[in-house]
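Readers should treat all values here as calculations from the given coordinates under stated rules, not as data from a laboratory. These numbers come from a predicted model, not from an experiment. Every residue, glycine among them, receives a Cβ derived from its backbone with ideal geometry; neighbour counts consider all protein chains shown.
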């Protein structure tokens, strides 16, 4: 008999803790709701709400300058806000771990989300960010673990794209009810 | 009418005998200013990422709560990252100061006026965002109060220092990002930072 697994955000939280992450910058997304709550409840973690996603690129850079590992949570629409700042990440070889919940990708109801969502992997790749895709709930935490190793061990910028199919939001009503 | 403050003298006063102060400088003139005051491995001068200086300071201040952190940047750079003042206000890092050297110009691109030339008051923005102290400075005497706050008093502090719009000789820091990062970490964290 197989033990019931905890929800994926709980497993990702444990993975971030095990990877030594002590700062988490975020712009909220419905798909990150649970993970953000876990981070905010953790007194050993600095959870920093951002006014725009590019702030998180600077935050993580400052954390690494100070000897601390950071992670950055956002939805795919926020990736576009980060592009120029990612130039610093690359030039300085700052480690960067981004967890991105996808919109505009699978069953999207909002047409305005589609262009950025579809462009997300290409935009990240163009700026030198390694892209890992997690298409099922089960593979998210192991993918984050591998991404953290590559980011902090290999001094790379790495993004984990969490597929919209995993989040599964189908309508405005459903999003509002979460 | 008092004589306008001069940016290199302002930065020199703030950084003289800086001891363990950690400094992040926005791209352009403020990066040259901190270098004119004396390059240090504990300085991180930006050559890009416009709008992000204050956030790098926040990440550093949260990571190193026992150290004092100073962000020195220009008015154009601060305007591009205005939201970061709100983000810092929420976090309330007591060891962080943000000083805007405000010549009311985009100095590297032809001295075009910025919003502050039309009266946008960055100190009031910072105050409204929750900075413990936020002031506009025009008098030399006020710089010593600011210096004392940067080096010791509980923050976060913000100052918008009005300076003359002048073109000065470039004093350039190293520009390779990987080098700037590695030397900063080694100076702050020791040689074991190389193996982290």
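Against the main long axis of the alpha-carbon atoms of chain B, helix B:53-63 sits at an angle near 40°. By the helix-only formula, in which each DSSP H run with n ≥ 4 contributes -39500 (n - 2.57) and the sum is divided by residues, chain A has a 222 nm mean residue ellipticity of -12500 deg cm²/dmol.
The distance linking the stretch A:124-168 with the stretch A:16-47 is 16 Å (Cα centroid to Cα centroid, whole angstrom). Of A:23, A:118, A:75, the residue with the greatest mean-square motion in the GNM of chain A, using alpha carbon springs below 10 Å, is A:118. Classified by the C-alpha gyration tensor, the stretch B:1-142 has a rounded form. Its axis ratio a/c, with a ≥ b ≥ c, is below 1.5.
Give the angle, between 0 and 90 degrees and rounded to the nearest 10, that separates the Cα long axis of helix B:177-189 from the longest principal axis of the Cα atoms of chain B. Roughly 70 degrees between the two axes.
With neighbours defined as other Cβ atoms within 10 Å of a residue's Cβ, the residues A:13, A:26, A:155 order from fewest to most as A:155, A:26, A:13. Computed from Cα atoms, the angle from the helix B:140-151 axis to the main principal axis of chain B rounds to 30 degrees. A straight line joining the Cα centroids of the stretch B:1-41 and the stretch B:131-196 runs 7 Å. Shielding of peptide A:48-54 by partners, expressed as the average count of other chain Cβ atoms within 10 Å per residue Cβ, is 6. Adding -39500 (n - 2.57) for every DSSP H run of four residues or longer, then dividing by how many residues chain B holds, sets the calculated 222 nm ellipticity at -11000 deg cm²/dmol. Calculated on the alpha-carbon coordinates, the convex hull of the stretch A:1-136 measures out at 125 cubic angstrom per residue. Normalising the average separation of contacting C-alpha pairs (under 8 angstrom, six or more residues apart) by the number of residues puts the relative contact order of chain A at 22 percent. With the highest mean first, a sort of the peptides B:63-76, B:120-133, B:171-184, B:85-98 on other beta-carbon atoms found within 10 angstrom per residue produces B:63-76, B:85-98, B:120-133, B:171-184. Against the empirical curve 2.2 N^0.38 Å, the C-alpha radius of gyration of the protein assembly as shown lands at a ratio of 1.01. Of all DSSP beta bridges confined to chain B, the antiparallel ones make up roughly 5%.
DSSP finds beta bridges in the protein assembly as shown, and of those with both partners inside it, around 5 percent are antiparallel.
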